Amino acid sequence: VPELPDVEAFRQVLARHGVGERIVHVAVLDPGVVRQISPRDFARDLTGRRFRRPERRGKWLVAPTDGPTLLVHFGMTGGLSWASPADKRERYDRVVLSLADGDLVYADQRKLRGLWLAKQDGEIAKVIGRQGPDAYGLTGAALTGALEGRRRSLKVALMDQSVIAGIGNMLADETLWRAKIHPSRRFDSLDTQERRLLDRALQQVLRSSIRAGTIPRTRAWLSSQRGLDHPQCPRGHGELRTSRLAGRTTYWCPTCQPSET
Ligand SMILES: [Zn+2]
C-alpha cells in the first residue's frame, strides 16, 4: 500500500522526467481511474501542457502544469513509473502520459482512487479534502499540536489524514514499535520521554523509508514480519501480537510495547 515514502518516490519519478516537458499524448486505457471528468476532457485538457515542479501532500501527488493541475492518489495499489515508448504495456496500466522521450505510466490493480484535474487552487483543496500537516518534518511542538487532545488511540490518530498526512497502517505500526509505545495508548498519556521517542522514531522511519523509496522489509524492520504465520519481534522478544484497529491489522510486541497499567 503506497504510503508517504512511496508517493515521494513517485513524485521523484515525475520530477526527474517530467518537469518542463510537454505532454504530447494522453491515453486513458481505463476510464475507471479518471475522476470527476470524462476521459476525453481529461486527455484534451492535459495534451500540450508542460509539467511544473511536482509536490507531495501527505499521500497525494500534486502535479501542476502550465494549465490544470494533475492530482493523483494511489489508493491501495497505484503507482507511477517511467517507461520507454518501446516497453510493453502491463496488465494494470491505466493511464499513459507520453512525453517527448518516454511515458509516465499510472498503473493500479484495484483502482480505489486515481487521477483528478484541478483548474484553480481552490479546486485542489476541494479534491484533497481536509488534511493535517505532512508527517515528514513534523517534530516537536508541531507534532504535539497535531496529536494532543485526540481521544482515539495513537495508532488511529497517526493514520487519520486529517490529523497528520502521509502515514498509513505500516508506517504507524513501525513508528510505534520503534518508539516502544503500545498502539492503543493515547497521546495525552505519554510522558516527556515517550513523546521524544515517538517524535524521533517517526522521523527516522520516514527518512529511511524515503531513502529506500518504500518502507523497507528487511529484518530490522517490524514490517518484515507482516503476513507471516509467526511474526517475531525483530528485537528478539518472540512472537508479535496482532489486533484490529480502525479496521486494519496492527502488529505490536508485548515486551517492547507494554500496555498502560
Ligand atoms: Zn519486542
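The values are calculated or read from the model by the stated rules, or taken from the named source; none is laboratory data. Since the structure is predicted, the reported quantities are computational estimates derived from the model, not experimental observations. Counting neighbours? That spans all protein chains shown, and the Cβs are built from the backbone with ideal geometry, glycine included. What goes into the accessible areas is simple: the full protein's heavy atoms, side chains included, and nothing from ligands, DNA or RNA. Shrake-Rupley method; radii C 1.70, N 1.55, O 1.52, S 1.80 Å.
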Exercise for the section: Evaluate the following for residue 116: is it at pLDDT 95 or above, closer than 30 Å to residue 155 by Cβ and open to solvent by less than 90 Å² (accessible area, probe 1.4 Å)? Expected result: yes
Practice task
Return the only residue of 246, 201 being closer than 28 Å to residue 7 by Cβ and within 16 Å of the ligand (Cβ to nearest atom).
Solution key: 201
Problem - Subset of the stretch 173-189 (residues that are touching a Pro at 6+ places or on another chain (Cβ under 8 Å) and part of a helix (DSSP H, G or I)) - result: 173, 176
Practice task
Of the conditions (1) part of a helix (DSSP H, G or I); (2) at pLDDT below 95, residue 45 clears all except one; give me its number.
Solution key: (2)
Handout entry: Matching residues, the stretch 226-243, being more than 12 Å from the ligand (Cβ to nearest atom) and either open to solvent by 80 Å² or more (accessible area, probe 1.4 Å) or among the hydroxyl-bearing types (Ser, Thr, Tyr) (or both)
Key = 228, 229, 230, 242, 243
Exercise for the section: Evaluate the stretch 124-134: report whether one residue or more is without any contact (Cβ under 8 Å) to a residue 24 or more places away in the chain, more than 16 Å from the chain's Cα centre (by Cα) and either more than 30 Å from residue 255 (Cα to Cα) or open to solvent by 10 Å² or more (accessible area, probe 1.4 Å) (or both). Expected result: yes
Problem - Residue ID - farthest from residue 59 (Cα to Cα), chosen from residues in the stretch 156-182 that are of a type in the set (A, V, I, L, M) and open to solvent by 10 Å² or more (accessible area, probe 1.4 Å) - result: 156
Exercise for the section: Say whether the condition of being under 29 Å from residue 216 (Cα atoms), modelled with pLDDT of 95 or more, surrounded by 20 or more Cβ atoms within 10 Å (Cβ to Cβ) and among the hydroxyl-bearing types (Ser, Thr, Tyr) is met by at least one residue in the stretch 99-110. Expected result: yes
Exercise for the section: Please indicate, with yes or no, whether at least one residue in the stretch 163-172 is part of a helix (DSSP H, G or I), modelled with pLDDT of 95 or more, within 16 Å of the ligand (Cβ to nearest atom) and closer than 22 Å to residue 210 by Cα. Expected result: no
Handout entry: Filter result for residue 192 (more than 14 Å from the ligand (Cβ to nearest atom) and touching a Pro at 6+ places or on another chain (Cβ under 9 Å))
Key = no
Practice task
Looking only at the stretch 140-147, decide whether some residue is open to solvent by 30 Å² or more (accessible area, probe 1.4 Å), outside any helix (DSSP H, G or I) and not hydroxyl-bearing (Ser, Thr, Tyr).
Solution key: no
Problem - residue 223 outside any loop (DSSP other than H, G, I, E, B), under 25 Å from residue 75 (Cα atoms), within 16 Å of the ligand (Cβ to nearest atom) and open to solvent by less than 10 Å² (accessible area, probe 1.4 Å) - result: yes
Problem - Test result for residue 218, free of Cβ contacts under 8 Å to residues at least 40 places away in the same chain and either assigned to a helix (DSSP H, G or I) or away from the ligand (no atom under 15 Å from the Cβ) (or both) - result: yes
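Each row is one residue, and each column tells you yes or no for (1) open to solvent by less than 50 Å² (accessible area, probe 1.4 Å); (2) closer than 20 Å to residue 98 by Cβ; (3) of a type in the set (Phe, Trp, Tyr).
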| site | (1), (2), (3) |
| --- | --- |
| 32 | yes, no, no |
| 37 | yes, yes, no |
| 44 | no, yes, no |
| 47 | no, yes, no |
| 52 | no, yes, no |
| 59 | yes, no, no |
| 69 | yes, yes, no |
| 78 | yes, yes, no |
